[in-house]
Amino acid sequence: MAMEKHFIQEGVIRSAIEKYLREEVNRAGYSGIQIQKTPLATRVTLFVEKPPIIIGKRGKRIKTLTEELQNKYGLENPVIDVQKIEVPTLDSNIVARRIAVALERGLQRRRVVFKAIRAVMGSGARGIEVVLSGKIVGKGGRTRVEKYSEGYMKKAGDSLKLVKIGSTQAYLKAGVIGVTVKIVLPNTKFPDQISVLTHAESEEKSLAEAEASPKKKKKKTVKKTAKKKEEKPVEDKKDKTQSEEKMIDAPAEKKQVNAPAEEKMIEAPAEEKQAETPAEEVKEVEAAQ
């Protein structure tokens with residue numbers, strides 16, 4: 001099988017699985033799936049609003065879903081993981097499904113759409129856009145498109161990847177109405193966004209940078225002083241060895257210098273004795289006479 005056909009077949013299987021789960025898990029607030037193949041099993045992650053509905057009593061419902069995925073769609077060792085959506089009003093698929101269900105009940109479209117917009121913006125979203133397309137007016141009317149938007153929204157470009165888009169259909173007696181919801185989540189930063197700081201914020205930023213820069217300089221100086229300390233003991237050792245050698249040589253010279261002086265001192269009394277003997281002999285001779 002060629003690579004192109006392999007990828008096409010995987011896409012067809014994925015779309016079939018998604019359609020099946022959307023119909024089976026509609027009551028649980030289905031948002032989407034994520035299929036990840038591993039050497040041991042195929043992990044299917046379900047993102048829903050109410051996980052207990054999927055699990056069922058003692059896990060019976062989730063077991064039937066895994067068996068169906070394995071037998072009908074040919075997934076190898078499927079493992080279903082259920083993830084709860086913490087803020088449903090910020091999920092575009094859930095919001096679109098809520099609008100579609102309200103339209104199927106026969107409620108006024110404007111009231112339904114504005115209620116959904118208020119709920120999404122109240123949850124902290126930066127922007128939202130709701131598009132209704134189809135036979136909105138009623139039976140016999142022309143198809144048209146209505147757009148409702150609030151806040152900041154991107155329409156085209158690479159930054160469109162940061163916009164969450166969800167779509168579904170509402171089946172009415174007059175016909176089918178397509179519902180598309182686009183949401184810009186809170187704290188979303190676009191590439192072309194420019195933030196202008198106030199005077200107080202700029203001062204705080206400069207102070208923070210000034211506090212951070214001396215720390216770096218101190219670290220450098222510490223390293224330099226450490227290197228100097230490592231170098232100094234080597235020089236001191238050399239000086240000590242040289243001074244010790246001098247001290248060892250110095251007493252030997254002193255001894256050599258002092259030796260002749262001692263010999264002279266020893267020789268001097270002998271000469272005095274020799275000088276004294278002739279005088280004593282002269283005195284004795286005179287006494288005898």
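Each value in this text was obtained by applying a stated rule to the coordinates, not by laboratory testing. The structure displayed is predicted, hence computed values, not measured ones. Using ideal geometry, Cβ is built from the backbone for each residue, glycine included, and neighbour counts are taken over all protein chains shown.
For Ile80, the amide hydrogen comes within under 5 Å of the amide hydrogens of Val44, counting only partners 5 or more places away or on other chains and with H modelled in the peptide plane. Treating the Cα atoms of the range 90-184 as identical point scatterers in vacuum, please give the log10 of the normalised Debye intensity I(q)/I(0) at q = 0.19 Å⁻¹, two decimals. Reported log10 I(q)/I(0), two decimals: -0.84. Using a 7 Å offset from Cα along Cα-Cβ at Ser15, what residues in the range 173-212 end up with backbone N under 13 Å from the label point? In the range 173-212, the label zone of Ser15 (backbone N under 13 Å from the point 7 Å along Cα→Cβ) covers no residue. Projecting the Cα atoms of Pro78, Thr64, Ile13 onto the charge dipole of the range 3-85, computed from C-beta unit charges around the Cα centre, puts Thr64 farthest toward the positive end. The modelled label-to-label distance between Phe7 and Glu209, using points 7 Å beyond Cα along the C-beta direction, is 4.6 nm. Once R0 is set to 22 Å, what does the formula 1/(1 + (r/R0)^6) return for the Cβ-Cβ distance between Val145 and Ile165, expressed as a FRET efficiency to the nearest 0.05? Efficiency for this residue pair is about 0.85. Of the two radii for the range 12-85, the radius of gyration is 0.93 times the Kirkwood radius, both from the alpha carbons; that is the Rg over Rh value.
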